[in-house]
1. Does Phe311 satisfy being over 26 Å from Gln57 (Cα atoms) and among the aromatic types (Phe, Trp, Tyr)?
2. Just to be sure before I move on: is Arg128 of a type in the set (Lys, Arg) and out of contact with any Phe, Trp or Tyr (no Cβ under 7 Å at 6 or more places or on another chain) in the structure I sent?
3. For the stretch 8-47, give me each residue that is out of contact with any helix residue (DSSP H, G or I) (no Cβ under 7 Å at 6 or more places or on another chain) and either of a type in the set (Phe, Trp, Tyr) or at positive phi (or both).
4. Among Ile109, Ile93, Ile31, Ile38, which is the only one that is in contact (Cβ under 8 Å) with a residue 60 or more places away in the chain, touching a Phe, Trp or Tyr at 6+ places or on another chain (Cβ under 9 Å), part of a helix (DSSP H, G or I) and surrounded by fewer than 20 Cβ atoms within 10 Å (Cβ to Cβ)?
5. Name, by its number, the condition in (1) over 22 Å from Gly272 (Cβ atoms); (2) crowded, with 21+ Cβ neighbours inside 10 Å that does not hold for Asp139.
6. Do we find a residue being out of contact with any strand residue (DSSP E or B) (no Cβ under 8 Å at 6 or more places or on another chain), at positive phi and either of a type in the set (Gly, Ala, Ser) or assigned to a helix (DSSP H, G or I) (or both) anywhere in the stretch 67-77?
7. From the list Ala149, Ala184, which one is surrounded by fewer than 21 Cβ atoms within 10 Å (Cβ to Cβ), in a helix (DSSP H, G or I), in contact (Cβ under 8 Å) with a residue 40 or more places away in the chain and touching a Ser or Thr at 6+ places or on another chain (Cβ under 6 Å)?
8. What's the number of the condition Gly330 fails, among (1) surrounded by fewer than 24 Cβ atoms within 10 Å (Cβ to Cβ); (2) among the small types (Gly, Ala, Ser); (3) in contact with a Lys or Arg (Cβ under 9 Å, 6 or more places away or on another chain)?
Amino acid sequence: MASAGTFRSLRTRNARLFFGGLLVSNVGSWIQSTAMAILVYRLTGRATSLGLVVAFQFLPILLLGAWAGAVADRYDKRAMCLITQWLLAAQAIVLALVDFAGWADVGVIYALSLVLGLVNAFDNPARRALVAELVEPADISNAMSLNTATMTGSRIFGPALAAALVGPLGTAWCFTINALSFAAVIVTVTLIDPTKLYRSPRAPQGGTPVRDSLRFVARDRELLIFHVVLVMVATFAYNYQVSLPKLSDIRWGDERWFGWVLAVISVGNVIGSLYTASRERASITVFFGSVGLMSLAGPLVAWAPSGPIAFIAAIPLGIGGAGFISTFNGLVQQKCPPEMRGRLLALSAVAFLGSTPIGGPITGVVADWAGPEWSLAYGSVIAFVTLLVALVALSSRRTTVDARIP
C-alpha cells in the first residue's frame, strides 16, 4: 500500500542508494555537457555546430531507442545499468585525454558525442525501468517524478560548476571530474539488494516487441495525443544547449551566463518535479498546464535584457519543463502493463531525446540566421500551438465517447 508524501519512494533502501548515486553522477554529466558546449562554441562561434553536437549525441536514441527498450525488457535492468555506466565513464576518460593532448577539434567531439549517444540509447530505458523496480507498483509515479527531480536537480550544480571551473581549470579537467563522478552511481547500483526489487516480468524472446509497443500507443487515443505533444515540444522547445550559449554571448555579454541560466532553469525543474511527486497520480491537467507555462516563459527568457533578469523567467520555464516530462512519464506508467514498461519508457525516450537530432540543428540555424532570441522563442510558439491542437483533439475524443454512452 502506497503512502502519501512527496518523498515516499525513499522509504526503501534501494531507492535511497540509487537516487543518491545518480545525483552525484549527473552533476558530473552536466559539468561535461556544459563544458563541451562552451568548447565547441569557442572553436566555431556558431550555434549550428552546437546543434550538430547534440544531433550526434541523440541520433542513436532515435535509431536504436525503441529496440534498446525491448532489450531492457528481456534482461536484468540492474546488470544493464552497471555495464552502461562503466562505458559512459570510459567515454568521459577518452574525452578528457583527447582534450589534455590538444586533439579536441570539432570532428573528434562529434565522434565522441556519437559514442555517448550509443551508450545512452541502452542506458536510458534500462535505468528508467530499474527506477520502476525500486518501489512497489503504487509508488511508481512518485519514483518517476523523483527520478526527474534528481536528474534536473543535478543540473542546478553541474552547469554552474562548469561555468566557474572552465576558466581557471579548462574543459579537460571538467571532463575528468565527470569521469570520476561515475564511481558514485556504479557503487550504489552495485549495493542495491536484488532480492528487494519489485521485478517486472521479463518479455519473452522473439515476437515483435517494438511493434507491440507502437500498437499499444496507437490504440489508446490519449496516449497517442500525449506522445505527439511530447515529440513536438521536445523537438523544438528543449534545445537549451544550442540556444543559450549564443544567447549568453550575444545578448548578455558573457558565455558563462549559459551555465548560470541553465542552473536556474534547473531550480525550476526541481520545483516542478517535486510538485508532481507530491501528487497521488499523474494528472492530464498538470501535463497540459506545464506546456502552457513553458510556452509563456520561453520568450521572456529569450528577450531578457540581462542575465539577472533572465533568472526571473527561467524559474517558471524550469517548472513547466519538469512538470511536463514528469507527468508524461507518470501518465504512461499508469496505463502500461508491467511487462511492457521498458519498451514504453524507451519509446518516450525516442520521442523526447531522439527528436533532438532534428530540433538541435534547426535551432542552431535559427540562432545563426534569425538571432539567438528566436532560437529559444520559436520553440515556445510551436509548443503553444501544439497545446491548443491537443486540447481540441482530446476534447473531441471525449465528446465522441460521451455521445456513445446511452
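The values are calculated or read from the model by the stated rules, or taken from the named source; none is laboratory data. Keep in mind the model is a prediction, meaning the values are calculated, not measured. Cβ atoms come from the backbone with ideal geometry, glycine included; neighbour counts cover every protein chain shown.
1. Considered against the rule, which asks whether it is over 26 Å from Gln57 (Cα atoms) and among the aromatic types (Phe, Trp, Tyr), Phe311 comes out as yes.
2. Yes: the conditions hold for Arg128.
3. Within the stretch 8-47, just Gly45 meets the criteria.
4. Of Ile109, Ile93, Ile31, Ile38, the one residue that is in contact (Cβ under 8 Å) with a residue 60 or more places away in the chain, touching a Phe, Trp or Tyr at 6+ places or on another chain (Cβ under 9 Å), part of a helix (DSSP H, G or I) and surrounded by fewer than 20 Cβ atoms within 10 Å (Cβ to Cβ) is Ile93.
5. Of (1) over 22 Å from Gly272 (Cβ atoms); (2) crowded, with 21+ Cβ neighbours inside 10 Å, only one is false for Asp139: (1).
6. There is no residue in the stretch 67-77 that is out of contact with any strand residue (DSSP E or B) (no Cβ under 8 Å at 6 or more places or on another chain), at positive phi and either of a type in the set (Gly, Ala, Ser) or assigned to a helix (DSSP H, G or I) (or both).
7. Result: Ala184 is the single residue among Ala149, Ala184 that is surrounded by fewer than 21 Cβ atoms within 10 Å (Cβ to Cβ), in a helix (DSSP H, G or I), in contact (Cβ under 8 Å) with a residue 40 or more places away in the chain and touching a Ser or Thr at 6+ places or on another chain (Cβ under 6 Å).
8. (1)
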